[in-house]
1. Anything in the stretch 322-355 that is in a loop (DSSP other than H, G, I, E, B) and either in contact with an Asp or Glu (Cβ under 8 Å, 6 or more places away or on another chain) or not small (Gly, Ala, Ser) (or both)? List them, or say none.
2. Only one of (1) farther than 28 Å from Ser256 by Cβ; (2) surrounded by fewer than 21 Cβ atoms within 10 Å (Cβ to Cβ); (3) touching a residue at least 40 places away in the same chain (Cβ under 8 Å); (4) among the hydrophobic types (A, V, I, L, M, F, W, C) fails for Ile10. Which number is that?
3. For the stretch 4-12, check the following and say yes or no: at least one residue is closer than 30 Å to Leu348 by Cα and modelled with pLDDT of 95 or more.
4. Which of the residues spanning the stretch 25-48 are surrounded by fewer than 17 Cβ atoms within 10 Å (Cβ to Cβ) and either more than 22 Å from the chain's Cα centre (by Cα) or part of a loop (DSSP other than H, G, I, E, B) (or both)?
5. Mind listing just one residue for me: the one in the stretch 210-226 that is in contact (Cβ under 8 Å) with a residue 60 or more places away in the chain and not in a loop (DSSP other than H, G, I, E, B) and, of those, surrounded by the fewest Cβ atoms within 10 Å (Cβ to Cβ)?
6. Taking the criterion of being touching a Lys or Arg at 6+ places or on another chain (Cβ under 8 Å) and either in the same structural domain as Ala73 (by TED's automatic domain parsing) or closer than 17 Å to Leu104 by Cα (or both), would at least one residue in the stretch 321-331 satisfy it?
7. Just one of (1) touching a residue at least 24 places away in the same chain (Cβ under 8 Å); (2) in contact with a strand residue (DSSP E or B) (Cβ under 7 Å, 6 or more places away or on another chain) trips up Tyr55, so point out which.
8. In the set Thr352, Thr376, Thr342, which member is without any contact (Cβ under 8 Å) to a residue 60 or more places away in the chain and not basic (Lys, Arg)?
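The values are calculated or read from the model by the stated rules, or taken from the named source; none is laboratory data. Remember, predicted model here, so these are calculated numbers, not experimental data. All Cβ positions, even for glycine, are placed from backbone atoms using ideal geometry, and neighbour counts span all protein chains on display.
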Amino acid sequence: MRDKIIEKLIDAETKRQRETLDLIPSENVVSAEVMRALGTPLVNKYSEGYPGKRYYAGNSVIDEIEILAQERARKVFHLGKSWHVNVQPYSGSPANLAVYFALLGSRTDAERTQTRADKTPRRSTDIMGMALSAGGHLTHGFKVTASGRYYNTVQYGVGRDGFIDYKEIEKIARREHPKIIIAGATAYPRVIDFKKFGAIARSVGAYFMADVSHIAGLIVAGAHPSPFPYADIVTTTTHKTLRGPRGAIIFVNRNSKVALAHRSLGEGGAKKPFDIAKEIDKAVFPGLQGGPHDNQTAAIAVALYEAATPAFKKYGHQIVKNAKALAHELTRLGFSLVSGGTDNHLMLIDLTNLGISGREAQDRLEKNGIIVNRNTIPYDTRSPFDPSGIRIGTPALTSRGMKEKEMKAVAELIYKTLAKGENVGSAVRMLARRHPIIWR
């Protein structure tokens, strides 16, 4: 590389990744094949539009790649043609926003205000999602994001035990009558009951949207229940447990009963059936994005090819086995875990009993080569910038071939760092080198 400054920085980051233990649950290690697809001449092409309907010439190969990615996405999640697939979103946040734009439109405050029977104004509810403080995602209606600024939102949480309270969710849904109910989280360590969410959404006539960004790879592997039998829309990123590049996929149920019950205005004001797949495609392009990143689309296709293999199924189950082993050992060592453990790839450690904050723990661990992120815990009394917990997960370490034995060692390293104040950097590097990241 002629740019020696960037080359040096890339080498430094590569070294950092190889010599540290990445326990951030939203991060992973892609395969050499996925990385190769990202660095191809596909990066040179402009392909605004969709297969067969591009605004530029020279897209016949790009069309084949995008269609292949769509077909592979259906295959790994065991879906039929009734599910429409859009693989163009640049990442998860714009994918979710595209769904909101398509289903809710862009309305003024006045249009979002209804009138009660007693003539007093009532704000209609557009989106119902998990609160950030309970483990939800910013785009599920948090006020500082576009989802919270442009739409009326209501949030649900978890009980004192750290578990979702489905009766409380049903109560909120019946009171608020949201147009979209979202199931999905970034820091919820337990199985999500998509069937219950679907039933609640149907009972109030709402769209049921599942954001499975964190657990998509587990669903593919059969290590977590699937939302597809119950959902109208499913969104996911491609770079977490799926082990793909940064990107996102939107799955749309063409047979959505909620969508079929809706009507949209056609030419001359005539009402016509609401084509949910078409509207979501329009919301992605041209609504939010220009041309897709074709090298990213190809890399997604490669990741989905890998996800269809028996090895990936084994890998997905190993992620969960590792998480359970890590949670068990941390609990044995005296750490307090939110909800008492985990059913998936991640866990939250409540550091209150250690007398340190999440930020301090994150910094101490990073100095020793253990990479985690500080995280709010349910009912946290501290600031989100300096919360009471840390979030840890096992996807990246599982990608490096680590198993339950190594999880016990990792727990010991975390314990020695946070509870004993020891310097474990050399032991961390030794463990990392025994399980190298392979990029050829």
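1. Passing the criteria: Leu333, Phe335, Thr342, Asp343, Asn344, His345, Leu351.
2. Checking Ile10 against (1) farther than 28 Å from Ser256 by Cβ; (2) surrounded by fewer than 21 Cβ atoms within 10 Å (Cβ to Cβ); (3) touching a residue at least 40 places away in the same chain (Cβ under 8 Å); (4) among the hydrophobic types (A, V, I, L, M, F, W, C), the one that fails is (3).
3. Among the residues of the stretch 4-12, at least one is closer than 30 Å to Leu348 by Cα and modelled with pLDDT of 95 or more, which makes the answer yes.
4. Glu27, Ala32, Glu33, Arg36, Gly39, Thr40, Pro41, Val43, Asn44, Tyr46, Glu48, listed by residue number.
5. Residues of the stretch 210-226 in contact (Cβ under 8 Å) with a residue 60 or more places away in the chain: 211, 213-215, 217-224, 226.
Filter again for not in a loop (DSSP other than H, G, I, E, B), leaving 211, 217-221.
Values: Asp211: 30, Gly217: 29, Leu218: 27, Ile219: 24, Val220: 26, Ala221: 22.
Applying the filter and picking the extreme gives Ala221.
6. Checking the stretch 321-331: not a single residue is touching a Lys or Arg at 6+ places or on another chain (Cβ under 8 Å) and either in the same structural domain as Ala73 (by TED's automatic domain parsing) or closer than 17 Å to Leu104 by Cα (or both).
7. Looking at each condition in turn, Tyr55 falls short on (1).
8. Step by step, each of Thr352, Thr376, Thr342 is checked, and only Thr352 is without any contact (Cβ under 8 Å) to a residue 60 or more places away in the chain and not basic (Lys, Arg).
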